[in-house]
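First comes the structure, then the notes that go with it.
The values are calculated or read from the model by the stated rules, or taken from the named source; none is laboratory data. The model shown is predicted, which means the values in this text are computed figures rather than measured ones. In this analysis, Cβ positions are derived from the backbone assuming ideal geometry, glycine residues included, and neighbour counts consider all displayed protein chains.
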Number of protein chains: 4
Amino acid sequence: MAIASSPGPRIAHVGAISLGTPDLETSLNFFRDLLGMEEVQRVGDTVYLRGYQELKHHSLVLFASEKPIVDSYSFRVGRPEDVELYAQELKEQDIEVLELPRGHQAGRGTAIRFMTPYSDHPFEFYYDIDAPEAPEEIRSKLPSNSSRRRGLGVRRIDHYNVQTAPQNVAPAEKWLRETLDFKRREYVHVPEADMLIASWLSVTPQVHDLAIAMSPEEKNGQLHHVAFNLENHSDLLVAADVLRDHDVVFDVGPAKHGIAQSMYLYLRDPGSGHRVELYAGGYQILDPDWKALEWTPLNMDYGATWFGDPLPMGPDGSMYSSTDSASLTSLLGEGLTIG
Amino acid sequence: MAIASSPGPRIAHVGAISLGTPDLETSLNFFRDLLGMEEVQRVGDTVYLRGYQELKHHSLVLFASEKPIVDSYSFRVGRPEDVELYAQELKEQDIEVLELPRGHQAGRGTAIRFMTPYSDHPFEFYYDIDAPEAPEEIRSKLPSNSSRRRGLGVRRIDHYNVQTAPQNVAPAEKWLRETLDFKRREYVHVPEADMLIASWLSVTPQVHDLAIAMSPEEKNGQLHHVAFNLENHSDLLVAADVLRDHDVVFDVGPAKHGIAQSMYLYLRDPGSGHRVELYAGGYQILDPDWKALEWTPLNMDYGATWFGDPLPMGPDGSMYSSTDSASLTSLLGEGLTIG
Amino acid sequence: MAIASSPGPRIAHVGAISLGTPDLETSLNFFRDLLGMEEVQRVGDTVYLRGYQELKHHSLVLFASEKPIVDSYSFRVGRPEDVELYAQELKEQDIEVLELPRGHQAGRGTAIRFMTPYSDHPFEFYYDIDAPEAPEEIRSKLPSNSSRRRGLGVRRIDHYNVQTAPQNVAPAEKWLRETLDFKRREYVHVPEADMLIASWLSVTPQVHDLAIAMSPEEKNGQLHHVAFNLENHSDLLVAADVLRDHDVVFDVGPAKHGIAQSMYLYLRDPGSGHRVELYAGGYQILDPDWKALEWTPLNMDYGATWFGDPLPMGPDGSMYSSTDSASLTSLLGEGLTIG
Amino acid sequence: MAIASSPGPRIAHVGAISLGTPDLETSLNFFRDLLGMEEVQRVGDTVYLRGYQELKHHSLVLFASEKPIVDSYSFRVGRPEDVELYAQELKEQDIEVLELPRGHQAGRGTAIRFMTPYSDHPFEFYYDIDAPEAPEEIRSKLPSNSSRRRGLGVRRIDHYNVQTAPQNVAPAEKWLRETLDFKRREYVHVPEADMLIASWLSVTPQVHDLAIAMSPEEKNGQLHHVAFNLENHSDLLVAADVLRDHDVVFDVGPAKHGIAQSMYLYLRDPGSGHRVELYAGGYQILDPDWKALEWTPLNMDYGATWFGDPLPMGPDGSMYSSTDSASLTSLLGEGLTIG
């Protein structure tokens, strides 16, 4: 049905995070052999991976880099023309936009790249992406899975959680809502100071595809964590069991958030130190008139940790940002050196 | 952002099923005391319930009725004006539309009611609905839950699965896709006969908000089951344990579907005989270019039952439709007698 | 087969803990209505409860008391004559033994009561105990369950964890091993100081039926916690979810011990403040030549908490003993007043 | 404490099953790579495996064999002298006893071998067995685990389920109880015919270490299945998910038994066709006065399958015995050829 149409561009879902790692083989061992992701393609020192329930080419890019760094946070848009529509919109806002050719990330079509205003995170938007079949020896009999469940059962990327300087949280989040149509689902603020501390945002019924919060280091462009999704709470407990026995560093968890009602385990990729959240469960938001749920420092203990190992909040450092982002110039491609 | 706009109306999500039951107290005992739903309001012999994770007024209506019957399958639309936009569209198609006043279902605003073409299911569309706080003695501390988890932990309605005469599956499903913008996610057909047997449809990232299939009795307007959602696979096992000990009749399960990748337990409301599915897990579809997954009788064993107690298919009767639907005239309201 | 016989007496399993509570109704609400235990019998201000998988009369006694206190830790012995055989053995060791008549605890036969040497915990031994059928409205169809699973699914008592003054841990534990044939399964000690800090002991394949550790308050006769058993790890997560929403005080958890490999959630009975552990999983010891596993302060972090919310160790108080024990004279019976 | 002593010999626990397989590499792939057992030692065409929670040398022996066959069901006894005490007892009963030298199974001390009266299963008893550390690359940090949890998480052998000709069930079971001190825990019989159909027996608090039932083929010496233990119900669901995707043949499950209250998944080792049960949960029996629970054909549907995929009973074949046993002469050792 189409009474009227041609709506504006939209983001469809989280695409892929591109992580620089000083120890590519250790990172690969972690994501592929322990977490169970599929190595889809390798191009030089860049490796493309996906979860067993992802049909598209990749949701994680690992590339060799002197320092841990995030090269990009990508999102897939809803229609082919939305890449160009977003490019126009960004340029109208005087935001510098790079055009990335087909194959800049393997398997992906043309894309645009820009730095988010106020918060300085390198975002990339694309529509076209290959959907390669997995090799027969790991291919699933289920058409909704690309490969059989393996390792600890990461089935897909879930969300990005980023940080920025305290004074930038509010304007950056406003921009994400107004320009990219992210909806605010839950948020923490200090009412007395009219200060936004953190916001959980989504374009899907997930409570968050993207969260943004204050950086305790007061720095822009920070990654707090990237989350990967497991099927059940019990899978998270098994993952904790096994990863603990592999001496993977746990920041916190397993435990359950009040916000999003999901179980979490925060740990570090042993190859890079990037913080990864293993994530399971949560509620979904289908209500078209959802009112963002408000949290304040007074009840935030429930929100951060509903039960289990409590999320540290404050100056103890363990929940500090894990890593910096690249600048507008992508690190993928020829002559890559970072240091 | 709004480069252009005023798109057509859309369905936001499944609303509530309205079930007539010959034994209201036994049905209430089942849904409220065993499954753990909240009795939100009672008006005469009509009771409104919701799951602990539903903030709106109700997702289940139980009313006294001589025979088990479905009075309506309701859906909430995306904007206030969408109720009227759909009414116009339906009338243009010469479909008879009833206007239901505010309060026809308690807590709900004005709505429209019509019979689906080809398949004869009474659908209702509404936007406005109250979001009452639960009584303090069961209220949750989490703002995303209306009440505390109780009983076997039904948190929300999940989907409807309806049946129609074999020759009507294809046209009815086509109408649902074309007029109501349901997207086909998975389907079973007989390629040689170009015959559609079943289709899983959604307007959300769920694999299905609505499924439609052939009625083995070759009747229109049939309910196969209504599904309610539990948080984890393990919750389904606990529910099976407890309900088995209460002598609730199980049709099939617990087991896991290949289609939708969800765990299921089909059982009967002891008060009415309506088939209810307890449902947990599943994958979500965020890809804007999702291609409906095809199943045929040759591989359908995987699709219906990936593991566990197999779904019977064929003439043994256990997966026949559970109950008929009402006609265009709603049974809710004054002077209700059905028999 | 019996080449030779008449072995000494033996303890068969943990019997029941008897807890004094200043708020009997709140404690009952906790153990019966939330945790799901059956109220088997009430005699004045004393209530007898059991889990749904216990066929015998009770495993928990709650009685009104001005202060929270443990009246007794009981154990069932292996044969009727073992009660008297233990009485003789204790008297030979100049330990004072009280003879308790049939019905001192309702449903129980004659018993003996004594204070454990060095650690001052009131132990009771009995053999005879009734096995009443549950009332028909909650009776299970399974003959191995007394009642249907209800509430959060406590199925049986699991173990006692007691504390004593630091210098008494070693001699008290030695006495438990030598006189009562408890086997040491895992233990923590400081090798340099030849100091035993904690020991996990059992007469069954469980890793512990009884644990004894240093009291941070340096007091004898302390209860650290009594544990009740749930079927699966997932049941523990559900219990945490629900109890958190009821504002029950959590000391620590959910998380997993390295020692015993079980999941734990330590919380407080809201009526009494006694610490209760909800407990699930763990390994079993069938090896007849089991060598007690050794832990030291150097690796004890793994032992106490394998993953999740870490057990506090040291002077922060939260894992201090929960409550004192009664003296040799039982508080159950006529004219009870404690204060 | 030892008022009197020198009791007779006793069985401590299930030891290892020794399975002949026509396709050793496929069987190894199944037990080691999919189920996650450790390959501890290989001697020629014989491979020794154990679960991650077993500290002793092995609980499964796989050896190349033309046909699938069970070479032995072994049990560990409680004391070194019990091997010889049992040998004497058996000889007094005119049962032929083979003495097996140290190393007949690698890592094991001297053992005896005999055929069970009436039922013709080759049993072996031993006490001494090595407890090798796992190689460092898979060694667990937990001293109660030999290796890290891997694959689908088999942690230990659980029990044997054997079959014999219908008229032999009663005398064979009586002999197991009277000579080997197995206790009857649950049983199925036809009261009118005074016929024992099946019995679940244990020497530990497990409901069964050994079950014996009628062979539908009316043959002695049959294996119905050998069971391996997983930690939680949820692990069984994950195992079903993965094994289904590997096209492993499922006989029945996942589902839950009423008898023993455990979850089950019966499947076939793809290399040999031996039936294997993946098994999780269950209740334990600590009562010294346990009365065996009685089932009859009238309520046996609950006992066999409490919920989920029902165990077939009767002539449909799927729960027929999986394989024959060897005779008194062990197939392990030099010059092995079977066919």
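Conditions tested, residue by residue: (1) farther than 20 Å from D:G36 by Cα; (2) in contact with a Phe, Trp or Tyr (Cβ under 8 Å, 6 or more places away or on another chain).
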| site | (1), (2) |
| --- | --- |
| D:S140 | no, yes |
| D:L152 | no, no |
| D:D158 | no, yes |
| D:T179 | yes, no |
| D:A193 | yes, no |
| D:L201 | yes, yes |
Take the residues in the stretch D:272-291 that are among the hydrophobic types (A, V, I, L, M, F, W, C) and away from chain C (no Cβ under 14 Å), then tell me which one is nearest to D:R156 (Cα to Cα).
D:L278
Report the residue count in the stretch B:36-74 for those that are under 24 Å from B:L98 (Cα atoms) and touching a helix residue (DSSP H, G or I) at 6+ places or on another chain (Cβ under 8 Å).
6
In the list C:D309, C:D301, which residue meets the criterion of being buried (at least 20 other Cβ atoms within 10 Å of the Cβ), at pLDDT below 95 and among the charged types (D, E, K, R)?
C:D309
Single condition B:K91 does not satisfy, out of (1) within 21 Å of the chain's Cα centre (by Cα); (2) of a type in the set (K, R); (3) farther than 24 Å from A:I285 by Cβ
(1)
Which condition number does A:E218 fail, the rest of (1) at positive phi; (2) out of contact with any helix residue (DSSP H, G or I) (no Cβ under 7 Å at 6 or more places or on another chain) being met?
(2)
Select from the stretch D:123-138 the residues that are surrounded by fewer than 24 Cβ atoms within 10 Å (Cβ to Cβ) and in contact (Cβ under 8 Å) with a residue 60 or more places away in the chain and list them in ascending order.
D:I129, D:D130, D:A131, D:P132, D:A134, D:I138
Looking at C:K67, C:K141, C:K91, which one is among the charged types (D, E, K, R) and in contact (Cβ under 8 Å) with a residue 60 or more places away in the chain?
C:K67
Using beta carbons and a limit of 6 Å, which pairs, at least six apart or on different chains, have the first residue in the stretch C:244-258 and farther than 20 Å from B:S140 by Cα and crowded, with 24+ Cβ neighbours inside 10 Å and the second one at pLDDT below 95 and β-branched (V, I, T)?
C:A255/C:T305
Tally time: how many residues in the stretch D:70-107 are within 14 Å of chain C (Cβ to nearest Cβ) and of a type outside the set (A, V, I, L, M, F, W, C)?
14
Out of the stretch B:220-262, which residues are within 8 Å of chain C (Cβ to nearest Cβ) and either of a type in the set (S, T, Y) or under 17 Å from the mean Cα position of the chain (by Cα) (or both)?
B:S234
Against the condition charged (D, E, K, R) and either free of Cβ contacts under 8 Å to residues at least 60 places away in the same chain or within 14 Å of another protein chain (Cβ to nearest Cβ) (or both), how does A:D269 come out, does it pass?
no
Identify, from the list B:S119, B:S144, the residue that is of a type in the set (S, T, Y), surrounded by 18 or more Cβ atoms within 10 Å (Cβ to Cβ) and outside the structural domain of B:V47 (by TED's automatic domain parsing).
B:S144
Exactly one condition in (1) within 30 Å of A:E294 (Cβ to Cβ); (2) away from every other protein chain (no Cβ under 14 Å) is not met by A:H208; state its number.
(2)
Close pairs from the stretch B:180-195: first buried (at least 21 other Cβ atoms within 10 Å of the Cβ), partner in a loop (DSSP other than H, G, I, E, B) and small (G, A, S), Cβ under 8 Å, at least 6 apart:
B:R185/B:A292; B:E186/A:S144; B:E186/B:A292; B:Y187/B:A292
Check A:W200 against each of (1) surrounded by 24 or more Cβ atoms within 10 Å (Cβ to Cβ); (2) more than 12 Å from every other protein chain (Cβ to nearest Cβ) and name the one condition it does not meet.
(2)
Out of the residues in the stretch C:153-196 that are aliphatic (A, V, I, L, M) and in a loop (DSSP other than H, G, I, E, B), which is nearest to the other protein chains (Cβ to nearest Cβ)?
C:V154
